[in-house]
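Data first, discussion second: the structure below is written as structure tokens.
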Amino acid sequence: MDITCLPDNPYLLLTPGPLSTTKSVKAAMLRDWCTWDDDYKELVQEVRTRLIRLATDKTERYTCVLMQGSGTFSVESIISTAVPDNGKLLVLPNGAYGDRIIQIAKMLRINCVFNDSGELEPPDLKQLEATLKEDVAITHVAVVHSETTTGMLNPIDKIGKIVKKHGKIFIIDAMSSFGGVPIDIEAMDVDFIVSSANKCIQGVPGFGFIIAKKEILLKCKGQARSLSLDLYDQWSTMENDKGKWRYTSPTHVVRAFHQALIELDDEGGIAKRTQRYQTNHRILVDGMRRLGFRTLLPDAYQGHFITSFYSPETAKYDFKTFYDLLKKKGFVIYPGKVSKASAFRIGNIGDVYPADMERLIKAIDESMFWQG
């Protein structure tokens, strides 16, 4: 098959996911696969093994579960399965995705409390220490690593030390960061970490994945509050039937993700991909500041995945007009999500390179209609 015959994308997705993907990742979906076939199940097993190796060198202590649906499905599968009826969950929200974990817990009638640090601040470590000391009923702590509401990168290493000091189960939503920055889950004593196929691994939407500490997951049998999102049962089936999913799996998406994992290795692994994303981010921020834009977050809090910028302070500015002008020039950006400021967001992950960010800055310069 000549993948060069595939049409080019009309624009780059400068979002936190779905992302712009390579032609070869898209081409991997052109073949049909049977969910019961041994070739497909072997591929699933290879994907699981590769993901664990990306997260830790201590692979024997961890296992990987693939779960159909968007990333939120996988987050809900952890919350639903890991927290027992007599458990209590502490969430450290500072944006929409931390809030979503709270919403999941409430829908599942899980005992849940939270330390909300606001959208523009990282979790308060002193407050975390005090809460865990005072409320001994807390059994689990959950935090979002890369909070794409703003672009905040939360200090999961420091949070993890406090969580483990108090003997709690540690859950990390690394939806928009896994594969785009080194994370050693063994060193941080992480119990569950979750991400999605269409983020920094640069696959397409359709499933998420959970890397879990085996000894903790084994204790979760029978705890799930959902049939389809039973994390333990999904894992048990994949383990015992060597790559078989309980229900119909997104075969084409899994095949594309396998190709994306190969391309991650070809790039030089997570370290090299991190360097590219960081370079993209630096070109973006430096260029935007030259044009007069202000970042929503201080550099000390800012991750290198997506960045929020204040909207221009003029009545002439309109995001939709700005969006449409950039789209015509080959770039799709994101509206803002913070509640206390007018802003928009630009991502720089996916099949995006420094030259693309240079072109973006030029396109933005040419699209600043409010200065006319």
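Each value in this text was obtained by applying a stated rule to the coordinates, not by laboratory testing. Since the model is a prediction, treat every value here as computed from it, not as a measurement. No Cβ is skipped: glycine too gets one built from the backbone with ideal geometry, and neighbour counts run over all protein chains shown.
Assorted remarks:
- Potential extension, Lys362-Asp241 segment - 0.36 nm per residue separation minus Cα distance: 38.3 nm
- Estimated FRET transfer efficiency when R0 is 22 angstrom, pair Glu42-Ile262 (beta carbons, to 0.05): 0.90
- Which of Leu227, Gln202, Ala212, positive extreme of dipole for the range 193-233 (C-beta unit charges): Ala212
- Applying the Kirkwood pairwise sum to the alpha-carbon positions of the range 32-75 produces a hydrodynamic radius of 11.9 angstrom.
- Residues Met107, Met67, Met288, Met357 arranged by fewest to most Cβ contacts within 10 Å: Met107, Met288, Met357, Met67
- Rounded to the nearest 500, the helix-only mean residue ellipticity at 222 nm of the chain stands at -12000 deg cm²/dmol, with each DSSP H run of n ≥ 4 adding -39,500 (n - 2.57).
- Counting every other Cβ atom within 10 Å of each residue's Cβ, Val144, Val75 order from fewest to most as Val75, Val144.
- In angstrom, the C-alpha Rg and Dmax of the range 269-371 are 13.4, 45.
- Those chymotrypsin sites (Phe, Trp or Tyr not before Pro) in the range 36-94 that DSSP places in a loop and that have at most 15 other beta carbons within 10 Å: Trp36
- The distance separating the Cα centre of the range 52-128 from that of the range 213-266 comes to 18 Å.
- Remark on Lys88: its backbone amide H falls under 5 Å from those of Thr139, His140, a criterion applied only to residues 5 or more positions apart or on other chains, H modelled at 1.01 Å from N.
- Nearest-20 debye value, the chain charge dipole, Cβ charges on Lys, Arg, Asp, Glu: 460
- Pairwise label distance in nanometres, Lys58 with Lys272, each label 7 Å out on the Cα-Cβ vector: 2.9
- HN-Hα J in Hz across the range 167-172 - Karplus 6.51, -1.76, 1.60, θ = phi - 60°, x for Gly and Pro: x, 9, 7, 10, 10, 10
- Zone residues, the range 75-91, relative to Asn111, backbone N less than 17 Å from point 7 Å out along Cα-to-Cβ: 80-91
- Charging the Cβ of each Asp and Glu at -1 and of each Lys and Arg at +1, and nothing else, the dipole of the range 23-100 about its Cα centre rounds to 340 debye.
- Cβ-based charge dipole, the chain, positive-most Cα from Gly160, Ala271, Gly350: Gly160
- Summarising the label geometry, the points placed 7 Å from Cα in the beta-carbon direction at Phe369 and Asp157 lie 4.6 nm from one another.
- Per the Cα gyration tensor, the chain maps to an equivalent ellipsoid with semi-axes of 34, 28, 17 Å, ordered largest to smallest.
- Listing Ser339, Ser226, Ser70 from fewest to most neighbouring C-beta atoms within 10 Å gives Ser339, Ser226, Ser70.
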